[in-house]
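Asks: The structure follows.
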Amino acid sequence: MGALAKIFTWWNGATFGTGLFTRRFGGRVGSDSLGNVYFKGGTDVHGNPRRWVIYAGANDASRVPPEWHGWLHGTIDVTPDELPPARPWQAPPQPNLTGSREAYRPAGALEAGGKRAAATGDYEAWSPN
Amino acid sequence: MPKLKVDGIDVEVPAGATVLQACEAAGKEIPRFCYHERLSIAGNCRMCLVEVKPGPPKPQASCALPAADGQEVRTDSAMTKKAREGVMEFLLINHPLDCPICDQGGECDLQDQSMAYGKGHSRYDENKRAVTEKYMGPIVKTVMTRCIQCTRCVRFAEEVAGVEEIGAIYRGENMQITTYLEHAATSELSGNVVDLCPVGALTSKPYAFEARPWELKKTPGIDVMDAVGTNVRLDSRGRQVLRSLPRINEDVNEEWASDKTRHAVDGLVRNRIDKPYVRVGGKLQSATWDEAFQAIARAAEGVTGNAIGGLAGDLAEVESVYALKTLLGAYGSSLHEARVDGALYDVSQPASWRFNPTIAGVEHAKAILLVGSNPRWEAPLVNTRIRKAIKRGAKVFAIGPQVDLTYPVEWLGEDIAALGDLPDALTQATDVIVIAGMGACTIEGGYGAARQTAAALGAGFGLLHTAAGRVGALELGFVTEGGLAAVAAAAPKLLFLLGVDETDLSAFDGAFKVYIGTHGDRGAHAADVILPGAAYTEKPGTWANLEGRVQRAERAVFPVGDGREDWTILRALSAVLGKTLPFDNLGALRAKIAGDHPTLANEGIALSGALDVAPRGGDVSGAIVYPITDFYLTNPIARSSPTMQRCSAELLHGETFAEAAE
């Protein structure tokens, strides 16, 4: 990613200003399996510790895994490495697929084959044979 | 003529009117559940309470209180408001609050009136009463917990439908409405209780959970299931007619409709002809319009005069019959026939084929003679009028096989020869009506004998037709001397069929048959070329009912597939055949019809002149056979309808569909 893109776009990783702020005040806490890096530093207006994430790739909040989501929003204070290990029945998290090729298509959508269920106004044609 | 004051407004009502009617005359709305104009007064819902002076110092049920001179009625007082709120609270005690899953939602009297006259909140904490569902047959779905015991359905079944099968059992809070032994209601008018029910206790079974009233497009239409010409409202969503409900027309159907009228509409999306077919090597193959027209043009080459013929079927509307008649006329042919059921009657003047006493006029008869007619199946709404006449003291005599007509009948025999030996009670009666059915007209000389009997009795004479399109085609003169047999004897080389499905076409084996219709039925299987037409909901059309009453319908939905309005098919075909018809749009066509046939120019009954002397009579004999053998399956639309098939199987052939008790 070029420096110009860093200045003029906001949808991939940190913006120029956030990067500067992070370098000055942020302390790296850890990173998740997707490569997103988590920081903390200072306090917010309520006096709570400030926590933030810099995405590796698209700035899509659904790409934060649930354990880091808990830390990021102050639900837990410990980092996910100190949490008990994941249960065997827990499925891996999945980011929002809307807009991607894997997005859900209802039966009947052209991308899903276009075979829709019978609806109002459909008729059964007569065939002589 | 009592004069009274309603909220300070002076009104004068006819003697015998009720306070509720007086309030309506003054323009005041009175909420009600049990009161219905066409049923007897029950007075058990108490919603119509008003304050009346002079009288006891308490609100009174206005529906059951006769209006009297000098009464002062208040519908806007604090006492009336409080009384209504209290009654509504009582009604809602045991009414479930399941409007979101109730089919009546959006067209529910209780919903509307609780909004307008209720308290707006509930003070009731106890458990609600629950009632088990009752089985009422293939048309009526029941959710009896919602019932508020207005007994409209009970009164309708007894008074109008004439089947004492719906009733109430137990008392007080435990009262339940049910059919006798939970059998299906055997009336062909049972669908009307769905409209009458002010709540969602009785709803339409075929229409259950199909649509909400506000998402439907409402189109005024005319029903073609029988010759009565019931005025209907066609409710459609998208491209499908979901239901057909009666419109009020006091002269025709009052506010009733038969079950066939209501529920045959699901046949409109089944078994449809949606593209042209041409018979190649003995097999029907789908074709384009152009190929089909070329096939007809080849068959029409060198054919002129009466070698071309046309038959108009039971459902054909005036426009298409006129277009076909004009096309045949261009070939110099007058070989056309509308009486495709083989009946023969005088077609010299409109009065000879119309139902002259008029449907509403039947009510005022003192004696009625039915000759070869089963009105319960051929025209259920004429049958209700005969019931009304009986309530006023009329006597009914009938010639034909004995059937249950829902009222007492004196049967004179199965042979039409019984016309020669009528009982004194009939010959000495005044205000007599003779109703001749198609069962009499299919007997040689039967029509003449019935009409001569009517003339001898000084009676009104009416022909009870069975097909919606018949009278319109007769008014157009779409007949041939000698009827269907004469057309067959002329052995046409090219024959046009406008939806002819009830006729045995084997007599026309030598003809090249062009079928214009909607459903793959008898006519389509016999045809050489099939052109997809429009069903009655799919075209703006004109029909004349059995009285000769001209009624126009609008288009609710478009024809399926490649289907077109029938007259436009004939217009397009005429251009290919080189005999272009002289009209390009519906307006021009209707102007032409009005010019040639003034009786069809305007809606309503055009005067037809008095019936002249009976044609011929004498002794005729022959056992009468009624034209309809299965009420629910009389036309291709009904035969394609799963609801009508189930009605036929369950109500007429005794198959059991009742769900097992849960």
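A quick yes/no check of all residues on (1) of a type in the set (Gly, Ala, Ser); (2) touching an Asp or Glu at 6+ places or on another chain (Cβ under 7 Å); (3) free of Cβ contacts under 8 Å to residues at least 60 places away in the same chain; (4) at positive phi:
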residue: B:Lys28; (1), (2), (3), (4): no, yes, yes, no
residue: B:Tyr35; (1), (2), (3), (4): no, no, yes, no
residue: B:Arg38; (1), (2), (3), (4): no, yes, no, no
residue: B:Met47; (1), (2), (3), (4): no, no, no, no
residue: B:Val50; (1), (2), (3), (4): no, no, yes, no
residue: B:Lys58; (1), (2), (3), (4): no, no, yes, no
residue: B:Ala61; (1), (2), (3), (4): yes, no, yes, no
residue: B:Asp112; (1), (2), (3), (4): no, no, yes, no
residue: B:Glu126; (1), (2), (3), (4): no, no, yes, no
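Asks: Looking at B:Thr358, B:Thr326, which is the one that is on the phi > 0 side of the Ramachandran plot and either under 22 Å from the mean Cα position of the chain (by Cα) or touching a residue at least 60 places away in the same chain (Cβ under 8 Å) (or both)?
Replies: Of B:Thr358, B:Thr326, the one residue that is on the phi > 0 side of the Ramachandran plot and either under 22 Å from the mean Cα position of the chain (by Cα) or touching a residue at least 60 places away in the same chain (Cβ under 8 Å) (or both) is B:Thr358.
Asks: Collect the residues in region B:138-172 that are at positive phi, open to solvent by less than 70 Å² (accessible area, probe 1.4 Å) and at pLDDT 90 or above, keeping them in residue-number order.
Replies: B:Gln149, B:Thr151, B:Gly162
Asks: How about region B:420-450: which of its residues are under 30 Å from the mean Cα position of the chain (by Cα) and part of a helix (DSSP H, G or I)?
Replies: B:Leu426, B:Met438, B:Gly439, B:Ala440, B:Cys441, B:Gly446, B:Tyr447, B:Gly448, B:Ala449, B:Ala450
Asks: In region A:72-93, what count of residues is obtained for those that are under 22 Å from A:Ala14 (Cα atoms) and without any contact (Cβ under 8 Å) to a residue 40 or more places away in the chain?
Replies: Matching residues across region A:72-93 total 3.
Asks: Please find, within region A:108-129, the residue that is nearest to B:Pro642 (Cα to Cα) out of those that are away from chain B (no Cβ under 14 Å) and open to solvent by 90 Å² or more (accessible area, probe 1.4 Å).
Replies: Of everything passing the filter in region A:108-129, A:Lys115 is nearest to B:Pro642 (Cα to Cα).
Asks: Of the conditions (1) surrounded by fewer than 22 Cβ atoms within 10 Å (Cβ to Cβ); (2) in contact with a strand residue (DSSP E or B) (Cβ under 7 Å, 6 or more places away or on another chain), B:Thr568 satisfies every one except a single condition; which number is it?
Replies: If we test B:Thr568 against (1) surrounded by fewer than 22 Cβ atoms within 10 Å (Cβ to Cβ); (2) in contact with a strand residue (DSSP E or B) (Cβ under 7 Å, 6 or more places away or on another chain), just (2) comes out false.
Asks: In region B:164-193, what residues are under 18 Å from B:Cys45 (Cα atoms) and in contact (Cβ under 8 Å) with a residue 60 or more places away in the chain?
Replies: Within region B:164-193, just B:Glu173 meets the criteria.
Asks: Looking for whichever is buried (at least 19 other Cβ atoms within 10 Å of the Cβ), over 20 Å from B:Asn356 (Cβ atoms) and not aromatic (Phe, Trp, Tyr) here; the options are B:Gly400, B:Gly420, B:Gly393. Which one fits?
Replies: Of the residues listed, the single one that is buried (at least 19 other Cβ atoms within 10 Å of the Cβ), over 20 Å from B:Asn356 (Cβ atoms) and not aromatic (Phe, Trp, Tyr) is B:Gly400.
Asks: Also, I was wondering about something else. B:Tyr632 fails exactly one of the following numbered conditions: (1) open to solvent by less than 50 Å² (accessible area, probe 1.4 Å); (2) assigned to a helix (DSSP H, G or I); (3) at pLDDT 95 or above. What is the number of that condition?
Replies: All conditions are met except number (2).
Asks: Take region B:263-274 and flag every residue that is in contact with a Ser or Thr (Cβ under 7 Å, 6 or more places away or on another chain) and either more than 8 Å from chain A (Cβ to nearest Cβ) or not in a loop (DSSP other than H, G, I, E, B) (or both).
Replies: Scanning region B:263-274 gives B:His263, B:Ala264, B:Val265, B:Asp266, B:Gly267, B:Leu268, B:Arg272.
Asks: Is it the case that region B:552-559 has a residue that's under 17 Å from B:Leu327 (Cα atoms), in contact (Cβ under 8 Å) with a residue 60 or more places away in the chain and open to solvent by less than 10 Å² (accessible area, probe 1.4 Å)?
Replies: No, region B:552-559 has no match at all.
Asks: For B:Cys108, indicate whether it is open to solvent by 40 Å² or more (accessible area, probe 1.4 Å) and touching a residue at least 12 places away in the same chain (Cβ under 8 Å).
Replies: Taking the combined requirement at face value, the residue does not satisfy it.
Asks: Go through region B:173-226 and count every residue that is surrounded by 23 or more Cβ atoms within 10 Å (Cβ to Cβ), touching a Phe, Trp or Tyr at 6+ places or on another chain (Cβ under 8 Å) and modelled with pLDDT under 90.
Replies: 0
Asks: Say whether the condition of being more than 13 Å from chain A (Cβ to nearest Cβ), in contact with an Asp or Glu (Cβ under 6 Å, 6 or more places away or on another chain) and within 19 Å of B:Arg298 (Cβ to Cβ) is met by at least one residue in region B:547-555.
Replies: No, region B:547-555 contains no residue that is more than 13 Å from chain A (Cβ to nearest Cβ), in contact with an Asp or Glu (Cβ under 6 Å, 6 or more places away or on another chain) and within 19 Å of B:Arg298 (Cβ to Cβ).
Asks: Further, regarding this structure: Which residues, counting only those in region B:78-105, are over 17 Å from B:Arg32 (Cβ atoms) and surrounded by 21 or more Cβ atoms within 10 Å (Cβ to Cβ)?
Replies: Of everything in region B:78-105, just one residue is over 17 Å from B:Arg32 (Cβ atoms) and surrounded by 21 or more Cβ atoms within 10 Å (Cβ to Cβ), namely B:Asp103.
Asks: Return the residues of region B:236-262 that are in contact with a strand residue (DSSP E or B) (Cβ under 7 Å, 6 or more places away or on another chain), in contact (Cβ under 8 Å) with a residue 60 or more places away in the chain and within 14 Å of chain A (Cβ to nearest Cβ); say none if nothing qualifies.
Replies: B:Ser236, B:Val241 - these are the residues of region B:236-262 that are in contact with a strand residue (DSSP E or B) (Cβ under 7 Å, 6 or more places away or on another chain), in contact (Cβ under 8 Å) with a residue 60 or more places away in the chain and within 14 Å of chain A (Cβ to nearest Cβ).
Asks: Can you pull out the residues in region B:515-528 that are surrounded by fewer than 24 Cβ atoms within 10 Å (Cβ to Cβ) and away from chain A (no Cβ under 12 Å)?
Replies: B:Arg522
The values are calculated or read from the model by the stated rules, or taken from the named source; none is laboratory data. What you are looking at is a predicted structure, and each value in this text was computed from that prediction instead of being measured. Note: ideal-geometry Cβ built from the backbone for every residue, glycine included; neighbour counts use all protein chains shown. The area values use the complete protein model at the heavy-atom level, side chains included, leaving out ligands, DNA and RNA. Shrake-Rupley method; radii C 1.70, N 1.55, O 1.52, S 1.80 Å.
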